[in-house]
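Trainee: Input: one structure, supplied below.
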Amino acid sequence: MAEITAKSIDESLRKQLSDLETSVKSQDVGTVIQIGDGIAIIDGLQAAMAGELLEFTSSETGQKVYGMAQNLDEDTVGAVLLSDVTAIRENDTVKTTGRLMEVPVGPELLGRVVDVLGRPIDGKGPIHTTHTRPVEFKAPGIIQRQGVNQPMQTGILAIDSMIPIGRGQRELIIGDRQTGKTAIAVDAMINQRDNGVICVYVAIGQKVSTIAGLVETLERHGAMDHTIVVAAPASAAAPLQYLAPMAGAAMGEYFIYNGKDGKPAGKDNPGRDVLITYDDLSKQAVAYRQMSLTLRRPPGREAYPGDIFYLHSRLLERAVKLSDEYGGGSMTALPIIETQAGDIAAYIPTNVISITDGQIFLVTDMFYQGQRPAIDVGTSVSRVGGAAQTNAVHKVSGSLRLDLAAYRELRAFSQFGSDLDAATQQQLTRGERMTELLKQGRYQPMSFMQETVAIYAGNKGYLDKIPAKDVVRFRNELFDFMNGSYADLMEDIHKEQKLTDSIIPRLDEALEKFSKQFAPSSDKE
Amino acid sequence: MEHKNNKALFGTGMISAAISTLGFPAFAFAAGESSSTGIATILPNVEETVPMLIAFILLWIILAKYGWPAFSNVIKKRNETITNSLKQAEESRQESERVLAEYKKELADARSEAAEIVAEAKKTGEATRAQITAQAQKESEEMIKKAKAAIEQEKRNAIEELQGSVADISCDVASKLIDQDLSDDEHRKIIERYVKEAGSFHAN
Amino acid sequence: MPTNRHIAKAEVDVYAGTLLDALNNNGGMDAVLEGREQYHDVMMFYISHDAFKALFQGADKTPDMRKKRMEEVMSNAHVRPEVSTILGVLAEKDSLAAMPRIYRAFNSLLASKFNTYIVDVTTRVPLDDHLREIIKNKVSADLGGNAILYETVDPHMLGGIIMSANDKRIDASLDTMLNQARSALKKTNDMEVNARG
């Protein structure tokens with residue numbers, strides 16, 4: 001333990017002092033000629049680069065405020081201020097820094113809540129990183145990539161079975177407010193607890209209380225240790241909300257381009273896997289719209305600037321599965337979009353849907369019917385994840401999507417008449433049980449073995465015999481049973497990753513045994 | 001065997017019964033005439049006996065021809081019914097014995113199954129308990145780790161704060177000294193030095 | 001202002017050239033310096049004061065009105081007539097927004113035509129001849145031309161010197177240096193703490 005002694009402080013000061021740079025260089029200097037709405041118009045700075053970090057000095061307090069050059073006009077530069085907007089006045093001086101906007105990155109950030117510039121806001125003391133990465137980073141090209149081939153387990157039965165997500169994929173989570181979009185992302189992050197996947201959660205335009213609650217949740221479930229939370233709350237300036245996803249991506253990219261030892265990833269030094277959640281991009285789009293309008297860029301559809309599509313596409317293109325040559329790291333992106341009254345045909349939703357590799361569509365009606373997660377299986381798809389799905393889950397859930405679709409159709413019809421033949425009746429029963437089986441509480445991620453067993457039991461008809469309301473209890477007790485009495489079988493499934501001929505009979509036996517001892521609840525209503 | 005004997009027994013019974021029936025009228029006559037003569041009462045009366053015998057033989061023939069078969073049929077049927085009943089009784093007894101054995105076996109099975117389930121449940125419970133214990137252990141360890149980290153962090157913050165104030169104070173002292181104690185000439189010397197050290201206007 | 005950038009640039013050059021020639025003809029370098037300073041002050045005032053800007057904006061203001069108003073203000077402020085005239089024309093043509101560009105063009109014309117750079121120097125104590133010589137030599141060496149010093153004495157400054165020329169600035173003030181030292185000292189070194197721990 002470090003003792004606080006005069007000597008230690010003295011040493012530290014001396015060291016800092018010896019590093020002090022005393023040479024004076026000439027600098028490009030401009031003056032602020034107009035300021036407002038977090039936008040500064042600067043006279044001079046002819047050599048400024050687009051996106052360059054600018055240093056404003058407040059003439060009143062001497063405070064340094066950073067900004068980013070956005071509009072490069074012939075003799076003025078339009079810049080956005082990134083922090084204390086009120087400190088800067090007209091005629092204050094602005095210097096170029098010669099750097100593009102960068103954020104501190106590194107493993108030191110794990111478990112921390114930082115703002116967009118990488119400064120800690122969780123009261124856990126300063127963060128001392130050794131690396132920085134540019135906020136805007138060109139996505140890797142074809143040579144550096146490989147196809148998605150590893151599953152990214154979310155621990156959510158409905159997703160892992162029917163809308164599987166692969167590492168390096170971009171899967172949109174879309175739905176109205178209060179449909180459990182964030183819950184899905186959080187559950188997925190919690191499920192990465194023990195498998196070494198790094199999570200980055202970017203909160204854009206949310207209430208600070210919401211973010212605090214989320215951090216508390218992650219901590220309680222032991223998921224914070226491998227997570228970085230980048231917060232640009234609703235109170236943050238629009239430019240910060242605009243930059244937040246890129247800053248988060250930069251922090252995540254450190255882990256995929258560097259191995260565990262912090263050295264660049266390569267063949268012998270595998271990169272890490274990252275799961276990044278942008279919650280949510282519709283708020284970022286709004287922030288960017290505000291910024292662009294105050295910078296007097298021409299508005300387009302829904303008053304969004306013309307490059308809003310490019311903004312999102314270049315951000316999501318940074319999600320990647322690197323080839324083994326480059327360390328094989330991956331960044332899986334879960335962008336979230338909030339729709340208004342289920343309108344997925346609005347500008348931003350259609351844009352992002354077309355950019356991503358699939359979407360998870362959440363529906364208000366299902367949410368209030370108690371079908372949670374309220375995933376609309378019909379409209380939700382994953383365009384590339386199937387290739388990465390674990391073989392065992394893939395095998396048992398092969399026809400689940402279609403079966404459920406048929407069930408929904410049948411159910412709609414069967415509401416009109418009561419005369420149903422036995423086969424139809426059977427299909428309805430099965431569908432109802434399967435739908436019930438997909439219900440899952442929050443913070444209860446399942447392992448892929450459990451998912452396999454649950455769907456296998458459903459397919460084999462073990463659920464048909466018990467009342468629908470008992471299905472969830474059956475499933476949970478089955479998991480306990482399997483963990484207790486058939487731990488070796490679960491271990492084997494885990495090892496094999498698929499249902500081999502030796503596993504299936506044992507699984508049948510276990511299910512037979514369990515369904516005998518399961519006590520359905522009495523039918524007293 | 002038993003069966004046949006029974007049948008024969010029934011047959012002789014029938015005959016003797018028929019004889020006694022035929023004999024009754026004779027006894028009646030005999031009783032009527034015994035009052036007239038002494039010895040004659042016990043000697044057969046030929047006049048009566050012959051027609052009686054004829055009648056008897058006639059009756060015997062008629063009965064043998066028509067009565068006996070019908071009678072025998074009834075007997076036979078009855079015999080069969082009784083045999084069947086006995087057979088059925090035997091069968092049901094055997095059946096009940098079998099069922100009983102079965103039930104006994106099932107009961108035993110159920111007992112062992114119940115025991116098995118209990119054992120299974122115990123095992124599950126055990127595993128769950130172990131899991132929970134491990135979880136609690138892990139959590140408490142983590143808590144301790146976190147608390148330690150927090151203390152460490154506090155310490156670091158204190159150092160940082162202290163260092164910051166030292167820096168502030170020294171800079172303030174320096175600026176005070178420069179502000180008050182430097183003469184104009186000394187200022188000019190500083191300027192001269194800085195101008196000589198400064199970077200070029202041309203370079204970036 | 002025209003929308004074609006080349007024409008706009010040419011126009012700006014005309015304004016700047018006219019101003020420079022007029023000042024130079026009427027009083028040599030001293031006049032040029034004085035006019036430049038006055039022009040700069042008016043420009044900064046115009047940029048940062050909306051009320052002043054509003055005097056020349058709006059559809060109800062005719063060009064004549066604008067010109068008259070500008071010349072009135074300038075004569076009250078005792079601005080050199082050359083500067084006043086140029087500003088009057090700018091006001092008349094509703095091109096006051098181009099003032100910063102003209103200022104920049106003026107400076108570069110000064111450099112190219114007269115091979116002269118104006119160096120703004122801010123110090124706490126007045127410069128002496130020795131220092132002036134040193135600074136001029138430095139500027140000549142860096143930029144390859146004559147240097148004219150435009151000196152400002154700022155008693156609030158702690159010490160040192162701030163020089164700017166050619167849109168570049170050298171901040172060698174003691175204030176800045178102390179601030180740098182302060183922030184450097186405040187940076188803790190975690191490695192050290194850990195190593196001892």
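Trainee: Farthest toward the dipole's positive end in the protein assembly as shown, which of A:A139, A:I121, A:G168, given Cβ charges of +1 (Lys, Arg) and -1 (Asp, Glu) about the Cα centre?
Mentor: A:G168
Trainee: In a GNM of chain C with a 10 Å cut-off on Cα contacts, which of C:D50, C:D94, C:D21 has the highest mean-square fluctuation?
Mentor: Among C:D50, C:D94, C:D21, the largest GNM mean-square fluctuation belongs to C:D50.
Trainee: Starting from the Cα of A:D10, step 7 Å along the direction of its Cβ; do the same at B:T133; then give the gap between the two resulting points in nm.
Mentor: That separation, rounded to one decimal, is 5.4 nm.
Trainee: Excluding residues fewer than 8 places away in the same chain, name every one of the lysines whose C-alpha is closer than 22 Å to that of C:K113.
Mentor: Excluding near neighbours in sequence, the set is C:K9, C:K136, C:K138, C:K168.
Trainee: Tell me, what is the FRET efficiency for A:T364 and A:A422 to the nearest 0.05, using R0 = 45 angstrom and their Cβ-Cβ distance as r?
Mentor: So the FRET efficiency works out to roughly 0.80.
Trainee: A further question on this structure: Could you tell me the ratio Rg/Rh of the stretch A:215-295? Both radii from Cα atoms, Rh via Kirkwood.
Mentor: When Rh is taken as the Kirkwood radius, the ratio is 1.09.
Trainee: Residues of the stretch A:166-191 with backbone nitrogen within less than 19 Å of a virtual label 7 Å along the Cα-to-Cβ line of A:R442, please, listed as ranges.
Mentor: Of the residues in the stretch A:166-191, A:173-191 have backbone N under 19 Å from the label point off A:R442.
Trainee: Is the stretch C:4-108 best put as rounded, prolate or oblate by its Cα gyration tensor, with a ≥ b ≥ c the root eigenvalues, rounded for a/c under 1.5, and otherwise prolate when a/b is larger than b/c, oblate when not?
Mentor: Here the stretch C:4-108 falls in the oblate category.
Trainee: To continue, here is another question. Over the stretch C:4-108, what is the relative contact order in whole percent, taking alpha-carbon pairs under 8 Å and six or more residues apart?
Mentor: 38
Trainee: Moving on to the next point. List the residues of the stretch A:106-124 whose backbone N lies under 20 Å from a point placed 7 Å from the Cα of A:M49 along the Cα-to-Cβ direction.
Mentor: A:117-118
Trainee: Take the Cβ-Cβ distance between A:D508 and B:T81 as r, set R0 to 60 Å, and report the resulting FRET efficiency rounded to the nearest 0.05.
Mentor: Computed FRET efficiency for A:D508 and B:T81: 0.65.
Trainee: Efficiency by 1/(1 + (r/R0)^6): what FRET value for B:I42 and B:I62, r their Cβ-Cβ distance, R0 = 25 Å, to the nearest 0.05?
Mentor: 0.25
Trainee: Given the DSSP H assignment, sum -39500 (n - 2.57) over each helix run of at least 4 residues in chain A and divide by its residue total; what's the result at 222 nm in deg cm²/dmol, nearest 500?
Mentor: About -11000 deg cm²/dmol.
Trainee: A further question follows. Cα to Cα, under 19 Å, and not fewer than 8 places away if on the same chain: which aspartates and glutamates meet these conditions relative to B:K77?
Mentor: In chain and number order, the partners are B:E2.
Trainee: Using a 10 angstrom cutoff on alpha carbons, build the Gaussian network for chain C and name the most mobile of C:R66, C:R132, C:R182.
Mentor: C:R182
Trainee: Residue by residue through A:37-44, how many Cβ atoms from other chains fall within 10 Å of the Cβ on average?
Mentor: The mean count of partner-chain Cβ atoms within 10 Å per residue comes to 2.
Trainee: Under a crude label model (7 Å from the Cα following the beta-carbon direction), how far is A:D324 from C:T62 in nanometres?
Mentor: Modelled inter-label distance: 8.5 nm.
Trainee: Among A:T332, A:T500, rank each residue by its count of other Cβ atoms within 10 Å, from fewest to most, as a rough exposure measure.
Mentor: By the 10 Å Cβ count, ascending, the order reads A:T500, A:T332.
Trainee: Using 7 Å Cα-to-Cβ label points, what is the A:E496/C:H78 separation (nm, one decimal)?
Mentor: Calculated label separation equals 10.1 nm.
Trainee: For A:K439, list the lysines whose Cα falls under 18 Å from its own Cα; do not include residues on the same chain fewer than 8 positions away.
Mentor: The qualifying lysines are A:K181, A:K469.
Trainee: Treat every Asp and Glu Cβ in the protein assembly as shown as -1 and every Lys and Arg Cβ as +1, leave all other atoms uncharged, and give the resulting dipole magnitude about the Cα centre to the nearest 20 debye.
Mentor: About 2240 debye.
Trainee: Could you work out how far helix C:63-76 tilts from the main Cα principal axis of chain C, as a 0 to 90 degree angle to the nearest 10?
Mentor: Approximately 60 degrees, to the nearest 10.
Trainee: I would also like to ask the following. Starting from the Cα gyration tensor of the stretch A:257-401, take the square roots of the eigenvalues, sort them a ≥ b ≥ c, and report rounded, prolate or oblate (rounded when a/c is under 1.5, otherwise prolate if a/b is larger than b/c, else oblate).
Mentor: Note, shape of the stretch A:257-401 comes out oblate.
Trainee: Note down the relative contact order for chain A as a percent, whole number, built from C-alpha pairs under 8 angstrom at least six residues apart.
Mentor: 14
Trainee: Looking at the stretch A:435-481, which trypsin sites (Lys or Arg not before Pro) are DSSP coil and have at most 16 other C-beta atoms within 10 Å of their C-beta?
Mentor: A:K439, A:R442, A:K460, A:K465
Trainee: Using a 10 Å cut-off on Cβ atoms, rank the peptides A:228-239, B:75-86 from the highest mean neighbour count down.
Mentor: Final packing ranking: A:228-239, B:75-86.
Trainee: Still on this structure, I have one more. Using only Cα atoms, figure out Rg for the stretch C:116-189 and give it as a multiple of 2.2 N^0.38 Å.
Mentor: 1.27
Trainee: If one takes the longest principal axis of the Cα atoms in chain C, at what angle in degrees, from 0 to 90 and to the nearest 10, does the Cα axis of helix C:5-48 lie?
Mentor: Once rounded, the angle reads 80 degrees.
Trainee: While we're looking at this one, here's another question. In vacuo Debye scattering of chain A, one point per C-alpha: log10 I(q)/I(0) at q = 0.06, 0.09, 0.11, 0.12 Å⁻¹?
Mentor: Calculated log10 I(q)/I(0) at the listed q: -0.35, -0.72, -1.00, -1.14.
Trainee: Moving on to the next point. Over the stretch C:116-189, what is the mean sequence separation of C-alpha contacts under 8 Å (at least six apart), divided by residue count, expressed as relative contact order in percent?
Mentor: Relative contact order of the stretch C:116-189: 36 percent.
Trainee: Please list 3J(HN,Hα) in residue order for the stretch B:160-175, calculated via the Karplus relation 6.51 cos²θ - 1.76 cosθ + 1.60 where θ = phi - 60°; whole Hz, with x for glycine and proline.
Mentor: Working through the residues one at a time gives 4, 4, 4, 4, x, 6, 4, 4, 4, 5, 5, 5, 5, 4, 4, 5 Hz.
Trainee: Below 18 Å Cα-Cα, how many Lys pairs turn up in the stretch B:97-204? Only count pairs eight or more apart in sequence, or on different chains, if you could.
Mentor: Lysine pairs meeting both conditions in the stretch B:97-204 amount to 4.
Trainee: In degrees between 0 and 90, to the nearest 10, how far off the longest principal axis of chain C does helix C:174-186 point, with axes built from Cα atoms?
Mentor: Value to nearest ten degrees: 50.
Trainee: Ranked by Cβ crowding within 10 angstrom, fewest neighbours first, how are A:D176, A:D43, B:D168 ordered?
Mentor: Fewest to most other Cβ atoms nearby, the residues stand as B:D168, A:D176, A:D43.
Trainee: In peptide C:143-150, how many Cβ atoms from other protein chains are near each Cβ within 10 Å, on average?
Mentor: Counting Cβ atoms of other protein chains within 10 Å of each residue's Cβ and averaging gives 1.
None of the figures in this text is laboratory data; all of them are computed from the coordinates on show. Everything quoted here is computed from the prediction, not taken from an experiment. All Cβ positions, even for glycine, are placed from backbone atoms using ideal geometry, and neighbour counts span all protein chains on display.
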